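The structure appears below as structure tokens.
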Amino acid sequence: MMSRWLAGAAFGCALAAGGPLAAQETKVAIGISGWTGFAPLTLAKEAGIFKANGLDVTLKKVPQASRHLAIASGDIQCAATTVETWIVWNANGVPTRQIFQLDKSYGADGMVTRGTVASIKDLKGKTVAASAPGTSPYFALAWMLGKNGLTTKDVTVVNMEPGPAAQAFIAGQNDAAMTYEPYLSSVRAKPEAGKIIATTLDYPMVMDTFGCTPDFLDKNPKAAKALADSYFQALDTIGKDQAKAFEIMGSDVKQTGEQFGGSAKFLRWQDKAANQSFFKGEFVSFSKEAAQLLLDNGIIKQIPDLTKIVDTQYIQ
């Protein structure tokens, strides 16, 4: 039954693309993580949407802390990550351009603390698990601390990826942790371990985009457009049969379709219209504020030209 649904989705996308399945496909390797917001990329591959649009896509799970190294080495040509991370990569000599927005977090990223921590200000002098500097969880930590009069120098940061950070917190390690869905839900399910003291509902600063190397984009403009189109078509597929789509996307992170839906309710995937609006307004103001915070926290030594790390022609 599932294979028939996948075949139908691929056929439908081939028609949407304006013709039969492409005879020659452009190869592209994309670095992602198990973050719920990236799941439509998995759906686009598993449902044959990428293939129908002339793309031979390989999705590689690469930790955010080393995703830029995979780009620099040529192991991947494109990646999904947060807006501020592209600033870090470009500032550190890994040229990349964002080409479309994936999602916005609405409570899917958060800080968990022990019950004895009444506010973020109380974290001064305590231990917080978060990914390495230059990653979204570390930036979220810096952002939340900054909004409460603290910096990362006021806490002891233990570098752990979101999944292990949540598991360690549930096991009683560390005073706090930065994590995201689907791992944040594991903490929601264990209230005795602690509480979610803040999420992106309180601090709306996690926005994910998709980008590639300038070399790939310059050599493969049609493929870049096909990547964006495939993403939007994946969102259409979710709208047409959410249960089946959730089942496929959930299986990639060992969740049932129902569990995946529970994680997905804390974010919003962004369609073409939302993309066009985002890049004209919020993207510009957020990038400026984020870049300054990165500079102030010593994560970057200089702010790159923010106008040159984005190319929105593929969402027009």
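The values are calculated or read from the model by the stated rules, or taken from the named source; none is laboratory data. Predicted, not measured: the structure shown is a model, and the values here were computed from it. Here the Cβ positions follow ideal geometry from the backbone for every residue, glycine too, while neighbour counts run over all protein chains shown.
Here is a list: I49, I76. Which entry is touching a helix residue (DSSP H, G or I) at 6+ places or on another chain (Cβ under 8 Å), under 30 Å from Y138 (Cα atoms), at pLDDT 95 or above and not basic (K, R)?
Details: I49 fails: under 30 Å from Y138 (Cα atoms).
Of I49, I76, the one residue that is touching a helix residue (DSSP H, G or I) at 6+ places or on another chain (Cβ under 8 Å), under 30 Å from Y138 (Cα atoms), at pLDDT 95 or above and not basic (K, R) is I76.
I want to confirm something. Restricting to region 197-224 and keeping residues that are buried (at least 19 other Cβ atoms within 10 Å of the Cβ) and assigned to a helix (DSSP H, G or I), which single residue is nearest to the chain's Cα centre (by Cα)?
Looking at residues that are buried (at least 19 other Cβ atoms within 10 Å of the Cβ) and assigned to a helix (DSSP H, G or I), I get A224.
Residues of region 232-272 being farther than 27 Å from T312 by Cβ and in contact with a Phe, Trp or Tyr (Cβ under 8 Å, 6 or more places away or on another chain), which ones?
If we filter region 232-272 for residues that are farther than 27 Å from T312 by Cβ, which is where we start, we get 241-244, 246-248, 250-263, 265.
Listed by number, the residues that qualify are D241, K244, F246, E247, G250, V253, G257, E258, F260, G261.
Among the residues in region 34-42, are any buried (at least 24 other Cβ atoms within 10 Å of the Cβ), aromatic (F, W, Y) and at pLDDT below 95?
Yes.
For G12, are the conditions met, namely being surrounded by fewer than 24 Cβ atoms within 10 Å (Cβ to Cβ), modelled with pLDDT under 90 and touching a Lys or Arg at 6+ places or on another chain (Cβ under 9 Å)? Reasoning before the result, please.
Details: surrounded by fewer than 24 Cβ atoms within 10 Å (Cβ to Cβ): yes; modelled with pLDDT under 90: yes; touching a Lys or Arg at 6+ places or on another chain (Cβ under 9 Å): yes.
Answer is yes for this residue.
Cβ-Cβ distance below 8 Å, separation of 6 or more or different chains: which pairs start in region 116-132 with a residue that is under 12 Å from F169 (Cβ atoms) and end on one that is outside any strand (DSSP E or B) and among the aromatic types (F, W, Y)?
As it stands, the answer is A129/F169; A130/Y138, since those pairs meet every condition given.
If you scan region 273-316, which residues turn out to be in a loop (DSSP other than H, G, I, E, B), closer than 13 Å to I87 by Cα and hydroxyl-bearing (S, T, Y)?
The answer is T307, and nothing else.
Quick check on region 155-177. Is at least one of its residues buried (at least 21 other Cβ atoms within 10 Å of the Cβ), in contact (Cβ under 8 Å) with a residue 60 or more places away in the chain and under 22 Å from Q270 (Cα atoms)?
No.
Counting only residues that are within 25 Å of E181 (Cβ to Cβ), out of contact with any Cys (no Cβ under 9 Å at 6 or more places or on another chain) and of a type outside the set (G, A, S), how many does region 77-97 have?
Going residue by residue through region 77-97, those that are within 25 Å of E181 (Cβ to Cβ) are 78-89, 96.
Adding the requirement that they be out of contact with any Cys (no Cβ under 9 Å at 6 or more places or on another chain) leaves 80-89.
This time we only want the ones that are of a type outside the set (G, A, S), so: 81-89.
Qualifying residue count, region 77-97: 9.
Just give me the residues in region 100-134 being closer than 21 Å to A290 by Cα and touching a Lys or Arg at 6+ places or on another chain (Cβ under 9 Å), in sequence order.
Answer for region 100-134, where residues must be closer than 21 Å to A290 by Cα and touching a Lys or Arg at 6+ places or on another chain (Cβ under 9 Å): F100, D103, K104, S105, Y106, G107, A108, I120.
Please go through region 83-123 and give me each residue that is closer than 20 Å to F216 by Cβ and in contact with a strand residue (DSSP E or B) (Cβ under 7 Å, 6 or more places away or on another chain), ordered by number.
The answer is V83, W86, T96, R97, Q98, I99, F100, Q101, L102.
Residue check, L184 against (1) outside any helix (DSSP H, G or I); (2) modelled with pLDDT under 95; (3) buried (at least 20 other Cβ atoms within 10 Å of the Cβ), all met but one. Which one?
(1)
Looking only at region 237-249, which residues are under 22 Å from I30 (Cα atoms) and without any contact (Cβ under 8 Å) to a residue 24 or more places away in the chain? Before you say what the answer is, go through the steps one by one.
The initial filter retains those residues of region 237-249 that are under 22 Å from I30 (Cα atoms), namely 237-238, 245-249.
Across region 237-249, the qualifying residue is only F246.
What's the number of the condition K51 fails, among (1) touching a Ser or Thr at 6+ places or on another chain (Cβ under 6 Å); (2) not in a loop (DSSP other than H, G, I, E, B)?
(1)
Is there a residue in region 226-237 that is charged (D, E, K, R), touching a Gly at 6+ places or on another chain (Cβ under 8 Å), modelled with pLDDT of 95 or more and under 16 Å from F38 (Cα atoms)? I'd like the intermediate steps shown before the answer.
Of region 226-237, the ones charged (D, E, K, R) are 229, 236.
With touching a Gly at 6+ places or on another chain (Cβ under 8 Å) added as a condition, the list becomes none.
Among the residues of region 226-237, not one is charged (D, E, K, R), touching a Gly at 6+ places or on another chain (Cβ under 8 Å), modelled with pLDDT of 95 or more and under 16 Å from F38 (Cα atoms), which makes the answer no.
Looking for something assigned by TED's automatic domain parsing to the domain that holds E247, at pLDDT below 95 and crowded, with 16+ Cβ neighbours inside 10 Å - is there at least one such residue anywhere in region 86-99?
No, every residue in region 86-99 fails to be assigned by TED's automatic domain parsing to the domain that holds E247, at pLDDT below 95 and crowded, with 16+ Cβ neighbours inside 10 Å.
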